[in-house]
Amino acid sequence: MIEQRYTGPVIAIVGPTACGKTKRGVEVARHFHGEIVSADSRQVYRGMDVGTGKDLGDYGDVPYHLIDVAPAGYKYNLYEYLRDSRKALDEICSRGKTPIIVGGTGLYVESLLKGMVLPEVPENVDLRNSLKDKSLEELTAILSETKQLHNTTDVDTPQRAIRAIEIERYYEEHPDEAVAAHNPSPLSSLIIGIDIPREERRRLITERMRRRFDSEDMLAEVRSLIESGVDPETLIYYGLEYKYLTRHVLGLITKAEMERELEIAIHQFAKRQMTWFRGMERRGFTINWLPWDLPSDEFVGAVEKLLENVTH
């Protein structure tokens, strides 16, 4: 028997790191017979589990997509995410299921909900060579002069910033493709934001990081990735946990420096995530913020009521 194709809005659950998005996504998926499409730029990589907080056991019997779709060491990009996530949405809808986008990579969420379609941008060797000696601050300043397509939450290494500039320069040189990329057809959607007070967010981030350090699972994961042949420079490119743990494993910083610098970086990352989502609201998206500590039944009930307003 072929199920009727789903025609309702997609549900997106967004918020800063450590706010409980996965748990909420699973609750909503179970209630609405849905499947989850991850919107996390690091969870796409196989073998990068602890540092990205995949928590795959939390999904139970809920199907998920766009997790573990690329090998560690690869540099997955926005073009690939949009291509793969649209395919996942089509497959979910063809089964009559509700698509639920869950993640904190604002660029992925916003671009997908906009219906953006991107060309595949090749490497520009000359441009890369001209930028290779610039600092992250200099590169970020160059990027800020572009059309603001790229998500600064993910431009946290020089390599990522250079790639972002490379894409924008490609659009400048190929205006027809830029028009298609910047004039998309938006998806019908309901966006739920996990609203967590700043101090609670900071507490949860610190507690989670301490648990991971105490177990030493993150360090073991990074060592295993390097031993398997993943270039340490690529791990540093991934940013956050992988950047600082790799620098420690290579002997570039002490354990104390690693912990201190990583904690600062994660708090800054969460702040940039919230800046992105507030920016989405200014760009015309409605984000319905629900308290992070709502009981499960109240959270799902609130989503159900909001969904009724979207569909009627």
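If you filter segment 207-220 down to residues that are of a type in the set (A, V, I, L, M, F, W, C) and either within 20 Å of the chain's Cα centre (by Cα) or not in a helix (DSSP H, G or I) (or both), you find that the one that is surrounded by the fewest Cβ atoms within 10 Å (Cβ to Cβ) is Met209.
Here's the yes/no breakdown for (1) at positive phi; (2) open to solvent by 70 Å² or more (accessible area, probe 1.4 Å); (3) within 23 Å of the chain's Cα centre (by Cα):
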site: Pro197; (1), (2), (3): no, yes, yes
site: Glu200; (1), (2), (3): no, no, yes
site: Ile205; (1), (2), (3): no, no, yes
site: Val222; (1), (2), (3): no, no, yes
site: Ser228; (1), (2), (3): no, yes, no
site: Thr234; (1), (2), (3): no, no, yes
site: Tyr242; (1), (2), (3): no, no, yes
site: Leu250; (1), (2), (3): no, yes, no
site: Glu261; (1), (2), (3): no, no, yes
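On inspection, Tyr59 passes the criterion of being open to solvent by less than 50 Å² (accessible area, probe 1.4 Å) and of a type in the set (Phe, Trp, Tyr). For Thr153, the conditions (1) modelled with pLDDT under 85; (2) not in a loop (DSSP other than H, G, I, E, B) are fulfilled apart from (2).
Name the single residue, out of those in segment 7-28 being assigned to a helix (DSSP H, G or I) and more than 25 Å from Pro186 (Cβ to Cβ), that is least open to solvent (accessible area, probe 1.4 Å). Ranking the candidates gives Val26 first. The single condition among (1) out of contact with any Leu (no Cβ under 8 Å at 6 or more places or on another chain); (2) open to solvent by less than 10 Å² (accessible area, probe 1.4 Å); (3) not in a strand (DSSP E or B) that Ile100 does not meet is (3).
Against the list (1) of a type in the set (A, V, I, L, M, F, W, C); (2) more than 20 Å from Tyr59 (Cβ to Cβ); (3) touching a strand residue (DSSP E or B) at 6+ places or on another chain (Cβ under 8 Å), the condition Leu107 fails is (3).
Taken over segment 116-142, the residue count meeting the criterion of being assigned to a loop (DSSP other than H, G, I, E, B) and loosely packed, with under 15 Cβ neighbours inside 10 Å is 6. Filtered by the rule that a residue be crowded, with 18+ Cβ neighbours inside 10 Å and either β-branched (Val, Ile, Thr) or at positive phi (or both), segment 69-97 gives Gly73, Ile92. Just so you know, in segment 156-195 the residues that are modelled with pLDDT of 85 or more, open to solvent by 10 Å² or more (accessible area, probe 1.4 Å) and small (Gly, Ala, Ser) include one that is farthest from the chain's Cα centre (by Cα), and it is Ser188.
The values are calculated or read from the model by the stated rules, or taken from the named source; none is laboratory data. Since this is a predicted model, take the numbers as computed values, not measurements. We place every Cβ from the backbone using ideal geometry, glycine too, and count neighbours over all the protein chains shown. Keep in mind that these areas ignore ligands, DNA and RNA; they rest on the heavy atoms of the full protein, side chains included. Shrake-Rupley method; radii C 1.70, N 1.55, O 1.52, S 1.80 Å.
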